[in-house]
Amino acid sequence: EHDAVQKKTFTKWINSQFSKTGKMPITDMFTDLRDGRKLLDLLEGLTGTLLVKRGSTRVHSLNNVNKVLQVLHQNKVDLVNIGGTDIVDGNHKLTLGLIWSIILHWQVKDIMKDVMSNLQQTNSEKILLSWVRQCTRSYPDVNVLNFTTSWADGLAFNGILHHFRPNAFSWDQVVRLSPVQRLDHAFTVAKDQLGIERLLDPEDVAVQLPDKKSIIMYVTSLFAVLPKDVSMEAIREVETLPRKFKVEVIEYFESIALVTVPVPTHPLAFLSFFCFAWLPLQRFYLLFISAPNRLDELCQGSLLEVDLDSYQSTLEEVLTWLLSAEDALQIQDEVSDDVEEVKDQFHTHEAFMMELTAHQSSVGNVLQAGNQLIAQGSLTEEEEDEIREQMSLLNSRWESLRVASMDRQARLHEILMDLQQQQLQQLSDWLTQTEDRIRKIETEPAAKDLDIYKEQIEQHKELQNDLEAEQVKVNSLTHMVVVVDENSGESATVALEEQLQSLGERWAAVCRWTEERWNKLQDVFMVWQQLLSDQVGHLACSLL
């Protein structure tokens, strides 16, 4: 459901940016962004830089998207598990992730950077929440504690608008409206009074758990056009909110960039690839993995009433899923020693871990509900003991699954990096041998007769065959997976890039030399044949 809301909201945001630059709008971001041209149009407007766009073949599309990723890297935009082929292939999750990274940088951080700098703060979400609470402090019906559930009734949006435009509408009339009507009213006033596009639809916000990213995006639009005074008092108030409010919706990914890099198959394209299309690497880091006790924080209470039947029903659903997840992890194959198989295993396990991350909130909700049941004081002592035992069992099984999953991830990462490094070393060794072979060939004297020249041609054909065989191994580097963890410094990335740059240059040099020598051999061979033909002709004439 959140994906559908994000698709709709992000599409509206993209089109709002295009309207500023006169670009044609998109209709379906999952298809319209695949060739990279519209993404480059978007970045042109955001950066003010003219970007070259290529045609619409798959190769052109990959070049366009790689250019997009390079521009993002140059602007220090965090990437979220994204490679060029993911966008070209229309991966929904990662397309949404890419657009959110762009929105977060230009719509959120860029707008708030001056305020954050003045206040010497680094957490944009905390500043935005402080601003909202400061604006709505005088409205007793409004109590914004997060960027999800606090916005569902529509009062918070209207409170911000009424604070700055008290004569625009009657607050008492807004309070009497339904949540959907309040939201529609707020979005209409924001459009008419402030020129803010209706990026959200009321029915998408008036739900039990609105999409956090969409809410932040819209609230930042308000922040951009309204007075931005944020007091330290408001910030300290947010910092001292009860823990349960601040952890209502956990951000699962703090900073992720699993980079999948396609390698061109044409030999002479190898150099240009490594010179211009090498993508930035960042650490792959799951928040729930780094903080094993975060679920405990969700057990601090809830604002909703919970009954025993709904708790038991939700518990059964989560335990059923947990059992299937334990089985899914158990049946995964042993880590292979074949690099291509390990890549497949890595991506399979990555999807499994993303599923765990997606279900973490469900586990937290059960623990939260159980804690709330006990706090309500309506249970017997026996029922309370049973719920505590259930919560302990659930938390224990979740923790065991989390640890086992991380252990496998670490092993896959270690083995995959080792195997890929072996591939690179094997390529380097082959290049060294081939370069020695080329130097030896270059020192050989010129052929004095046709038979020796034919031998040189055959010798060169052997080199060409060896080159083609090695090309197969080079092609196996396609979709090379590189994961730089949080403990790796920039030097590790730089060293890897330098290694790949060097291999690319050496491979291209060998390919060029082989092609150029073959052309020379063919040219000289044709001369030899012409000379022989002329000799035969002269001999025939003399005999006549």
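The values are calculated or read from the model by the stated rules, or taken from the named source; none is laboratory data. Remember, predicted model here, so these are calculated numbers, not experimental data. Positions of Cβ are backbone-derived with ideal geometry, glycine not excepted, and every protein chain shown enters the neighbour counts. Protein only, heavy atoms only, side chains kept; ligands, DNA and RNA dropped before computing areas. Shrake-Rupley method; radii C 1.70, N 1.55, O 1.52, S 1.80 Å.
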Heavy-atom accessible surface of region 1-117: percent carbon and sulfur, 1.4 Å: 50 percent
Low-density loop cleavage sites - trypsin sites (Lys or Arg not before Pro) in region 395-463, where at most 13 other Cβ are within 10 Å (DSSP): Lys448
J(HN,Hα) series, region 33-39, from Karplus relation 6.51 cos²θ - 1.76 cosθ + 1.60, nearest Hz, glycine and proline x: 9, 5, 7, x, 5, 5, 5
Linear extension gain, Leu379 paired with Thr314, 0.36 nm per residue minus alpha-carbon span: 21.6 nm
Model label zone, Ala224; criterion: amide N under 20 Å from point 7 Å along Cα-to-beta-carbon; scope region 145-180: 147, 157-158, 160-162, 164-165
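Just the number please: accessible area per residue for region 123-240, 1.4 Å probe, all protein chains included, in Å².
Per residue, region 123-240 has 41 Å² of solvent-accessible surface.
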Under 17 Å from Lys191, Cα to Cα: aspartates and glutamates that are on another chain or at least 8 residues apart: Asp201
Projected label distance in nm at Ile457 and Gln332, using a 7 Å step from Cα toward the beta-carbon: 5.6 nm
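So, for region 6-122, what is the accessible surface per residue at a probe of 1.4 Å, expressed in square angstrom?
Counting only protein heavy atoms, the per-residue value for region 6-122 is 45 Å².
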Relative contact order of region 82-201, defined on C-alpha pairs under 8 angstrom at six or more residues apart (%): 14 percent
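Once Rh for region 123-240 is found with the Kirkwood sum over Cα pairs, what is the Stokes-Einstein diffusion coefficient at 25 °C and 0.890 mPa s, in µm²/s?
For the chosen part, D equals 174 µm²/s.
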Average Cα contact separation per residue, region 1-110, under 8 Å, 6 or more apart, as relative contact order %: 25 percent
Part-to-part distance (alpha-carbon centres) for region 354-378 and region 144-168, which is given in Å: 28 Å
Estimated FRET transfer efficiency when R0 is 30 angstrom, pair Gln433-Asp523 (beta carbons, to 0.05): 0.60
Derived scalar couplings ³J(HN,Hα) [region 149-159; Karplus, 6.51 cos²θ - 1.76 cosθ + 1.60; whole Hz; x for Gly, Pro]: 5, 5, 10, 5, 8, x, 5, 5, 4, 5, x
